[in-house]
1. Which residue, of Ser95, Ser38, is outside any strand (DSSP E or B), hydroxyl-bearing (Ser, Thr, Tyr) and open to solvent by 50 Å² or more (accessible area, probe 1.4 Å)?
2. Taking the range 98-115 only, how many residues are in contact (Cβ under 8 Å) with a residue 60 or more places away in the chain, in a loop (DSSP other than H, G, I, E, B) and more than 10 Å from the chain's Cα centre (by Cα)?
3. Right, Gly22: in contact with a Ser or Thr (Cβ under 9 Å, 6 or more places away or on another chain), surrounded by fewer than 18 Cβ atoms within 10 Å (Cβ to Cβ) and not in a strand (DSSP E or B) or not?
4. Would you pick out the residues in the range 252-277 that are part of a loop (DSSP other than H, G, I, E, B) and buried (at least 17 other Cβ atoms within 10 Å of the Cβ)?
5. Specify the residue that is nearest to the chain's Cα centre (by Cα); the eligible residues are those in the range 41-69 that are surrounded by fewer than 16 Cβ atoms within 10 Å (Cβ to Cβ) and assigned to a strand (DSSP E or B).
6. Tell me the residue from Tyr135, Tyr105, Tyr119 that is modelled with pLDDT under 90 and of a type in the set (Ser, Thr, Tyr), please.
7. Here are Leu249, Leu240, Leu230: which of them is surrounded by 12 or more Cβ atoms within 10 Å (Cβ to Cβ), over 30 Å from Lys137 (Cβ atoms), in contact with a strand residue (DSSP E or B) (Cβ under 9 Å, 6 or more places away or on another chain) and of a type in the set (A, V, I, L, M)?
8. Take the range 181-203 and flag every residue that is touching a helix residue (DSSP H, G or I) at 6+ places or on another chain (Cβ under 7 Å) and either farther than 22 Å from Lys77 by Cβ or open to solvent by 50 Å² or more (accessible area, probe 1.4 Å) (or both).
Amino acid sequence: MKSTLKSSSFTEKTIVRNYPKGFKSEELREETVVSSSSLVKGETKEIFLDGIKISIRKGKINPPLIIDVEHNFPFFKMHFEIEGNSQYTPKNDRSVAVKIPNGHYNFFFLPMVKGKLRYDCYKRNTLEILFTKDYLKRVFGHSYRAVSSSFGDALERDIPFLMWKHSKPITSQLQFIIDEIINCTYEGAIKKAYLESKITEILTLFFDSLKNKKTYQEKNITEDDYLNILKAETIIKKNLKNPPTILELSQITGINQFKLKQNFKLVFGMPIFSYLTELRMVKAKKLILEKFHLTIGSEET
């Protein structure tokens with residue numbers, strides 16, 4: 001399995017990465033790849049499990065960064081653009097365009113990857129999870145096709161699959177799982193089991209949502225209103241201690257209060273107040289976990 005990346009922004013110009021077939025790895029293996037060119041600075045931690053590759057990226061870019069990309073293997077990916085954005089434009093008919101804005105995610109299968117990646121951001125913070133068909137079968141058994149709905153059908157027919165035509169905003173529930181993966185401090189076999197359980201948890205959420213999948217257009221929300229709902233959610237996230245009232249959010253976003261409340265629930269699956277409460281709970285859980293890991297770390301030293 002080989003990945004080839006080409007860009008004038010790279011010091012080496014061409015980067016070739018070789019991986020064992022099916023990401024096979026009996027034991028957990030970790031690598032850190034450092035980039036230090038004038039246009040790209042940062043590091044990527046890569047974690048290899050059996051049938052899974054996790055990439056945790058954090059760095060700075062001098063945009064636009066354009067990369068020619070090619071993988072010689074089928075591409076199964078969960079991509080969380082925590083900070084930044086990415087856009088893939090294919091140069092073949094066996095993959096589809098994938099655009100993931102800041103704070104969004106998507107889940108896709110591309111039988112062939114050959115095209116261009118473009119990044120128009122100064123900072124990137126992402127969690128990217130590659131996995132294999134064998135991994136899915138190992139987790140969900142022979143019923144994986146039924147469990148994974150339209151994704152399983154695309155897999156069997158070997159055609160591109162994009163879970164959401166327009167990438168979805170990262171929910172508080174997903175953000176909590178993402179933080180658990182990124183901040184995992186376990187080691188060895190325990191870490192391997194823990195990370196595999198978190199990836200299975202995300203896949204379960206994805207496959208469940210496929211059964212009730214609807215785009216914002218199908219929910220009769222215009223693109224402008226959808227973007228304003230995302231703006232409202234960003235404002236709420238940044239002001240958890242002193243959140244704006246519904247009236248204030250309405251004035252900021254330019255959506256009347258009734259439509260704001262209605263559309264917010266359609267996009268995020270719950271009322272604004274419930275979403276705010278969940279965000280606070282997620283933040284509290286995160287602080288408790290951080291305190292727990294600090295306590296354990298100090299006891300070990």
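1. Checking each option against the conditions leaves just Ser38.
2. Keep residues of the range 98-115 that are in contact (Cβ under 8 Å) with a residue 60 or more places away in the chain, which gives 98-101, 103-107.
Among the residues that remain, those that are also in a loop (DSSP other than H, G, I, E, B) are: 101, 103.
With the extra rule that they be more than 10 Å from the chain's Cα centre (by Cα), the set shrinks to 101.
The total comes to 1.
3. Values: in contact with a Ser or Thr (Cβ under 9 Å, 6 or more places away or on another chain): yes; surrounded by fewer than 18 Cβ atoms within 10 Å (Cβ to Cβ): yes; not in a strand (DSSP E or B): yes.
So Gly22 passes the test.
4. Passing the criteria: only Ile255.
5. The residue in question is Lys45.
6. Working: Tyr105 fails: modelled with pLDDT under 90; Tyr119 fails: modelled with pLDDT under 90.
Only one candidate passes the filter, namely Tyr135.
7. One residue alone meets the criteria, Leu230.
8. Hits for the range 181-203 are Thr185, Tyr186, Glu201.
The values are calculated or read from the model by the stated rules, or taken from the named source; none is laboratory data. Computed from a predicted structure; not experimentally measured. Backbone-built Cβ (ideal geometry, glycine too); neighbour counts: all protein chains shown. Note: areas computed on protein heavy atoms with side chains; ligands, DNA, RNA excluded. Shrake-Rupley method; radii C 1.70, N 1.55, O 1.52, S 1.80 Å.
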